[in-house]
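Report on the following structure.
The values are calculated or read from the model by the stated rules, or taken from the named source; none is laboratory data. On a predicted model such as this, the values are computed, not experimentally measured, just so you know. Positions of Cβ are backbone-derived with ideal geometry, glycine not excepted, and every protein chain shown enters the neighbour counts. Only protein heavy atoms, including side chains, enter the accessible area calculation; ligands, DNA and RNA are left aside. Shrake-Rupley method; radii C 1.70, N 1.55, O 1.52, S 1.80 Å.
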2 protein chains.
Amino acid sequence: MDLNQFLPYQLSILSLKISNGIAEHYQDQFGINISEWRVLVILYKNPDVTAKRIAQLTQMDKVRISRTLKTLVQKGYVAQRPHPLDARAKNYELNDRGQYLMRAVIPDALRYEEELLSQLTSDERDQLSHLIGKFNRILK
Amino acid sequence: MDLNQFLPYQLSILSLKISNGIAEHYQDQFGINISEWRVLVILYKNPDVTAKRIAQLTQMDKVRISRTLKTLVQKGYVAQRPHPLDARAKNYELNDRGQYLMRAVIPDALRYEEELLSQLTSDERDQLSHLIGKFNRILK
DNA sequence: TATTTTTTGTTTCAAATGAAACTAAATATT
DNA sequence: AATATTTAGTTTCATTTGAAACAAAAAATA
């Protein structure tokens with residue numbers, strides 16, 4: 001009964017450790033916070049997403065998503081268009097400025113990840129990505 | 001350059017997924033929030049800890065720790081005593097009520113973890129615990 | 001040993017957060 | 001078709017959060 005090993009606890013500490021370091025860097029370097037970063041990643045990968053879809057993909061609160069999208073539109077990184085099938089929803093996508101931003105941020109992010117992953121063996125890297133995938137499937 | 005695979009991002013989503021589910025349960029069942037839970041875990045494992053030590057162990061902000069400890073003392077789960085060597089600091093430890101609480105909470109927490117881990121193979125479980133340990137060493 | 005710097009922890013205050021209530025539209029039910 | 005229910009997203013408001021300023025003690029330096 002070793003609580004030091006308690007998984008959710010360990011995982012949240014680990015996740016905090018990693019994102020604490022990253023958050024400050026993003027703010028200083030690009031003027032975006034973690035919420036904005038998460039939403040930008042989704043928008044970068046997905047052409048037309050609604051707030052609901054972002055909620056599903058990020059596990060973020062809908063209020064937070066609503067406000068983050070508003071900010072990103074105000075900052076001029078994101079375009080919003082009416083949803084063709086649902087008048088309540090909007091489709092969001094990166095505009096040119098957003099694309100440009102992401103092309104600056106991503107290499108930076110990947111460099112950080114690289115630095116972290118370089119300290120794992122190739123087997124460990126495989127295991128890690130396998131485990132993350134598996135957990136995400138388990139947790140719906 | 002697959003951002004879906006971006007580790008810090010994946011990890012924070014995963015960690016959120018897991019703790020979102022847990023947080024509500026702890027609040028309903030035991031009236032404690034995640035901050036309190038984290039500090040209680042530390043106090044359960046360590047006999048005499050200061051706020052500083054808790055910060056090191058949990059990655060939590062010092063203001064949050066200060067307030068969480070105050071709450072836990074008020075709720076009657078934690079005793080505080082002057083630090084023998086440093087008049088600025090205090091030593092904290094679970095009192096009887098705190099011990100009693102943890103003996104109720106822990107089996108519950110472990111049951112949840114069990115449920116999660118039962119969906120991994122024995123190899124995957126080993127890999128997971130190895131990886132968490134390794135990351136924690138890498139990240140100081 | 002007097003003075004400066006650093007460390008530990010708390011308080012203040014402005015910003016971030018999210019539950020609850022709300023609007024408006026879509027879907028289901030009668 | 002009319003009405004009720006559910007869904008998508010926003011606003012309000014009370015709470016949580018943490019940066020910055022602070023107090024007090026310890027450690028370092030002169």
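Restricting attention to segment A:29-86, and to residues there that are of a type in the set (A, V, I, L, M, F, W, C) and near DNA strand C (Cβ under 10 Å from one of its atoms), which single residue is surrounded by the most Cβ atoms within 10 Å (Cβ to Cβ)?
If we take residues in segment A:29-86 being of a type in the set (A, V, I, L, M, F, W, C) and near DNA strand C (Cβ under 10 Å from one of its atoms), then A:Ile65 is surrounded by the most Cβ atoms within 10 Å (Cβ to Cβ).
Condition first: within 14 Å of chain B (Cβ to nearest Cβ) and in contact with a helix residue (DSSP H, G or I) (Cβ under 7 Å, 6 or more places away or on another chain). Now tell me which residues in segment A:55-88 satisfy that.
Scanning segment A:55-88 gives A:Ala55, A:Leu57, A:Thr58, A:Gln59, A:Met60, A:Lys62, A:Arg64, A:Ile65.
Please go through segment B:89-103 and pick out each residue that is within 9 Å of DNA strand C (Cβ to nearest atom) and within 14 Å of chain A (Cβ to nearest Cβ). Give the derivation first.
Restricting attention to segment B:89-103, the residues satisfying the condition of being within 9 Å of DNA strand C (Cβ to nearest atom) are B:89-92.
Those that are within 9 Å of DNA strand C (Cβ to nearest atom) and within 14 Å of chain A (Cβ to nearest Cβ): none in segment B:89-103.
Is it fair to say B:Glu24 is out of contact with any strand residue (DSSP E or B) (no Cβ under 9 Å at 6 or more places or on another chain), more than 11 Å from DNA strand D (Cβ to nearest atom) and among the acidic types (Asp, Glu)?
yes
Between a residue in segment A:116-140 that is in a helix (DSSP H, G or I) and any residue that is open to solvent by 50 Å² or more (accessible area, probe 1.4 Å), which pairs come within a Cβ distance under 7 Å, given they are 6 or more apart or on different chains?
What qualifies is A:Leu117/A:Arg125; A:Ser129/B:Gln5; A:Ile138/B:Gln119.
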